[in-house]
Number of protein chains: 2
Amino acid sequence: MIDPVILKGFRDSLPKDEIPKKKIMRKLEDVFSSYGFVPIDTPVLEYTEVLLGKGGGETDKQIFRFSDNGGRDVAMRFDLTVPFARFMASHHDEVGVPFKRYHISKVWRGENPQKGRYREFIQCDFDIVGADNAISDTEILSMMHKSFQSLGIERYTFHISHRGMFSAYLEKEGLSEKAVDILRTVDKLRKIGSDETKRLLVEITGSEEKADGILAFITAGKDSGFMETVEKLEALSGGRNESSERMREIYTLLSSLGIEKSFVFDSSITRGLDYYTGIVYETFLDDLPSIGSVCSGGRYNDLASLYMKEKLPGVGSSIGLDRLLAALEELKSPLLAETASADLLIIPVKRNESKALEKAEEMRRKGIRAEVYLVPDAKMKKIYSYAETNRIPYMLTFTDTGCEIKNLSTREMMSEEEALLKLGADA
Amino acid sequence: MIDPVILKGFRDSLPKDEIPKKKIMRKLEDVFSSYGFVPIDTPVLEYTEVLLGKGGGETDKQIFRFSDNGGRDVAMRFDLTVPFARFMASHHDEVGVPFKRYHISKVWRGENPQKGRYREFIQCDFDIVGADNAISDTEILSMMHKSFQSLGIERYTFHISHRGMFSAYLEKEGLSEKAVDILRTVDKLRKIGSDETKRLLVEITGSEEKADGILAFITAGKDSGFMETVEKLEALSGGRNESSERMREIYTLLSSLGIEKSFVFDSSITRGLDYYTGIVYETFLDDLPSIGSVCSGGRYNDLASLYMKEKLPGVGSSIGLDRLLAALEELKSPLLAETASADLLIIPVKRNESKALEKAEEMRRKGIRAEVYLVPDAKMKKIYSYAETNRIPYMLTFTDTGCEIKNLSTREMMSEEEALLKLGADA
């Protein structure tokens with residue numbers, strides 16, 4: 001006998017988790033399609049060199065990497081961005097630009113497992129490449145907004161900022177050369193607090209004044225509205241600039257869509273990676289800020305520079321689906337409660353099983369998810385326990401003259417007609 | 001610059017392939033849910049020992065296997081059956097029986113790539129475990145029938161047979177001990193033809209008469225109806241037996257559902273694996289028999305014997321989704337033609353982009369997939385080429401007084417109202 005154990009950091013998804021997960025993915029896909037985004041898929045395994053590029057970062061240690069039977073150095077993808085960049089380099093002539101794709105799929109990282117962190121998890125990425133303008137930025141933000149709405153989440157806030165505006169400030173302060181270190185430090189503000197952030201900034205800039213200035217810049221949006229913050233930051237950076245004009249345009253477009261209230265300008269958002277060049281954003285659930293950002297991203301000016309010469313500017317987001325699911329669970333989302341295997345359980349009569357099969361077919365034609373209890377002549381206790389385990393709300397039994405249906409939570413009996421009404425059968 | 005090359009036997013899925021693939025998976029999932037089947041998922045990586053058991057088979061050479069960073073001997077799953085068996089051993093108390101699951105996901109095998117065969121491919125499995133009776137067998141067969149219907153495939157035939165009936169015959173002939181070899185040989189009949197099959201059977205049984213007898217048994221259904229074949233086989237095996245009674249019951253149930261015409265009794269179907277103990281079946285497309293079976297499976301009497309003592313009888317099927325997709329392509333299925341990124345392309349006006357974004361939102365509220373062309377002020381030639389690449393049927397442009405819509409294939413202009421009707425907008 002082999003112990004049916006699974007690997008550390010991995011897990012099974014049982015129906016009670018998998019049913020809502022699939023529902024959520026469908027809702028997101030429906031939103032994405034309604035915006036004209038199209039799905040792609042890429043191999044789980046790629047050449048390590050293709051995935052890691054020159055490598056040397058944190059990712060290298062976390063990657064699942066091995067020699068395949070043909071001696072090739074291969075690895076499992078650790079995100080969906082790198083495969084997308086490789087994909088665009090391979091297919092950009094065929095798919096054309098602008099290209100708007102989404103990709104919902106598993107990725108693998110050998111991190112040390114901790115609460116809510118797994119070595120196998122699902123990413124949901126969506127990007128627009130081949131366009132660099134306010135309308136594209138806005139389309140991504142609007143789609144994020146619509147995505148959270150579609151999941152029935154009511155209270156969320158997008159924290160947005162612009163790398164270029166920060167760069168303009170750093171340039172004015174003569175700090176451009178230290179930009180990468182400063183960005184990485186500022187990115188940790190939420191985690192390490194302002195005292196520690198200041199200490200680090202003094203270390204980097206060598207000046208308490210400069211550190212205070214940066215802190216003032218990144219907290220400028222704290223108590224002011226979006227446009228007011230833009231103006232404050234412009235004042236701190238020596239006036240309007242290309243990046244702040246872009247933010248003004250985006251805000252105008254968001255307002256015309258009537259969704260501007262979900263966005264706050266938060267200049268402490270920098271998204272550590274060098275990769276971003278324009279807007280950057282994170283998404284927090286108002287009732288669960290502690291779990292951190294559930295949807296993040298930004299604008300970059302060159303997606304696939306590792307693989308092709310042509311520049312591909314873009315803007316994109318990534319939803320950590322497992323983190324979002326954990327959040328929905330804490331928020332007691334009704335979405336996660338809809339886990340019934342079927343609407344109706346039909347109990348067959350021994351030696352006359354065809355009746356149950358036919359009735360189930362009749363119900364399915366009416367749009368009802370009907371399931372036949374597959375053990376004819378079972379004890380009622382077993383049947384009830386089955387219905388409970390599978391959270392099936394209604395049960396149909398045959399009588400001498402026809403059938404009757406029981407609401408399993410209220411124990412109320414009803415006719416087929418009444419039950420069909422309650423179950424919202426198709427006409 | 002790194003060459004954006006992918007591994008031999010792997011491939012990208014472009015929108016034109018991924019859109020229909022997702023549509024097909026949804027249709028199948030909808031059918032499965034309507035029967036009360038529930039989805040599960042399992043890790044892509046597992047301990048090699050768990051996946052291979054005692055090992056030693058063909059699978060061992062084909063598996064993607066390696067040492068992870070913690071020195072564990074791990075492998076990527078090569079099918080969805082073994083992980084399901086392990087899953088049931090881990091969770092059978094929690095999920096209860098009967099348990100009806102489906103699982104649509106990727107698996108990996110390092111086979112030598114050939115036409116239509118890849119190292120990464122999608123399986124779609126569905127099983128009922130914890131019940132051994134005609135009603136469960138019928139439910140699986142009925143669901144297979146419904147699945148093909150849902151994909152708009154009209155002409156398909158399920159070839160079904162029963163391992164127990166063959167065993168009864170072999171027992172009567174004193175050939176029980178050679179059953180495994182005989183089953184494997186018979187399984188190849190379709191591939192190698194009856195002369196070569198006979199030659200091999202003579203070799204195994206050491207008797208031309210026995211070989212002829214087996215050949216007569218496995219071709220008994222050739223020109224006769226389902227029940228007639230059952231009777232013939234019973235006569236060859238010394239009368240009715242438990243297995244033939246089960247086939248009679250199943251046929252009666254299929255008939256009561258009115259779907260019996262899609263099933264032929266074909267006793268040459270054995271499904272090589274020792275694993276099966278009851279009905280076994282394969283599915284052929286009448287207009288494309290050459291691609292082989294697109295959905296196969298059968299009944300087994302013990303799913304998880306490697307991992308648990310309790311016996312778990314079951315019945316299940318597996319659809320090779322990639323093979324099915326290839327078939328649908330050859331059959332010119334309309335499903336594969338629905339690959340438009342959106343219903344409507346909206347062309348923004350430079351310096352007044354909010355109009356396009358608002359219009360798109362209005363359209364989406366009406367259930368129309370509306371996409372904004374994200375390059376304001378682009379040349380019409382570029383826009384047309386974009387619409388063509390993305391197979392978008394309608395285009396909206398703003399005029400001084402409102403907007404107009406063009407059918408891009410007929411070049412016909414129409415009002416918004418007319419277009420909404422054509423696009424089937426929600427009221």
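Side notes on the structure shown:
- If you check B:Lys332, B:Lys311, B:Lys350 for being in contact with a Ser or Thr (Cβ under 9 Å, 6 or more places away or on another chain) and either part of a strand (DSSP E or B) or among the basic types (Lys, Arg) (or both), only one passes: B:Lys311.
- Verdict on A:Gly9 being among the small types (Gly, Ala, Ser), in contact (Cβ under 8 Å) with a residue 24 or more places away in the chain, at positive phi and more than 7 Å from every other protein chain (Cβ to nearest Cβ): yes
- As for the stretch B:239-261, it holds no residue that is of a type in the set (A, V, I, L, M), at pLDDT below 95 and assigned to a loop (DSSP other than H, G, I, E, B).
- Among the residues making up the stretch B:199-220, those that are of a type in the set (D, E, K, R) and surrounded by fewer than 18 Cβ atoms within 10 Å (Cβ to Cβ) are B:Arg199, B:Glu203, B:Glu208, B:Glu209, B:Asp212.
- When B:Glu371 is tested against (1) touching a residue at least 40 places away in the same chain (Cβ under 8 Å); (2) buried (at least 22 other Cβ atoms within 10 Å of the Cβ), exactly one condition is not met: (1).
So that you can scan it fast, the table gives a plain yes or no per residue for (1) among the aromatic types (Phe, Trp, Tyr); (2) touching a Cys at 6+ places or on another chain (Cβ under 8 Å); (3) at negative phi; (4) assigned to a loop (DSSP other than H, G, I, E, B):
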{"site": "B:Asp79", "(1), (2), (3), (4)": "no, no, yes, yes"}
{"site": "B:His92", "(1), (2), (3), (4)": "no, no, yes, no"}
{"site": "B:Ile104", "(1), (2), (3), (4)": "no, yes, yes, no"}
{"site": "B:Ile128", "(1), (2), (3), (4)": "no, no, yes, no"}
{"site": "B:Thr138", "(1), (2), (3), (4)": "no, no, yes, no"}
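- Residue in the stretch A:210-219 that is outside any helix (DSSP H, G or I) and over 29 Å from the mean Cα position of the chain (by Cα) present: no
- Pairs linking a residue in the stretch A:20-40 that is at the interface with chain B (Cβ under 8 Å from one of its Cβ atoms) to a residue that is open to solvent by 20 Å² or more (accessible area, probe 1.4 Å) and of a type in the set (S, T, N, Q), with Cβ atoms under 9 Å and 6 or more positions apart or on different chains, are A:Pro39/A:Ser33.
- Among the candidates A:Arg119, A:Arg155, A:Arg190, residue that is within 14 Å of chain B (Cβ to nearest Cβ) and either closer than 30 Å to A:Lys21 by Cβ or aromatic (Phe, Trp, Tyr) (or both): A:Arg119
- Residue count for the stretch B:1-56, restricted to those that are open to solvent by 40 Å² or more (accessible area, probe 1.4 Å) and of a type in the set (Val, Ile, Thr): 2
- So A:Leu45, is it aliphatic (A, V, I, L, M), free of Cβ contacts under 8 Å to residues at least 40 places away in the same chain and touching a helix residue (DSSP H, G or I) at 6+ places or on another chain (Cβ under 7 Å): no
- On inspection, B:Thr277 passes the criterion of being open to solvent by 20 Å² or more (accessible area, probe 1.4 Å), in a strand (DSSP E or B) and touching a Phe, Trp or Tyr at 6+ places or on another chain (Cβ under 9 Å).
- From the options A:Leu331, A:Leu396, residue that is within 41 Å of the chain's Cα centre (by Cα) and open to solvent by less than 10 Å² (accessible area, probe 1.4 Å): A:Leu396
- For the residues B:Glu353, B:Glu358, B:Glu310, the requirement of being more than 9 Å from chain A (Cβ to nearest Cβ) and open to solvent by 20 Å² or more (accessible area, probe 1.4 Å) singles out B:Glu310.
The values are calculated or read from the model by the stated rules, or taken from the named source; none is laboratory data. Just so we're clear, the structure is a prediction, and the values are computed from it rather than from any experiment. Cβ sites come from the backbone with ideal geometry, for glycine too, and all protein chains shown count toward neighbours. Surface accessibility is based on the protein's heavy atoms, side chains included, excluding ligands, DNA and RNA. Shrake-Rupley method; radii C 1.70, N 1.55, O 1.52, S 1.80 Å.
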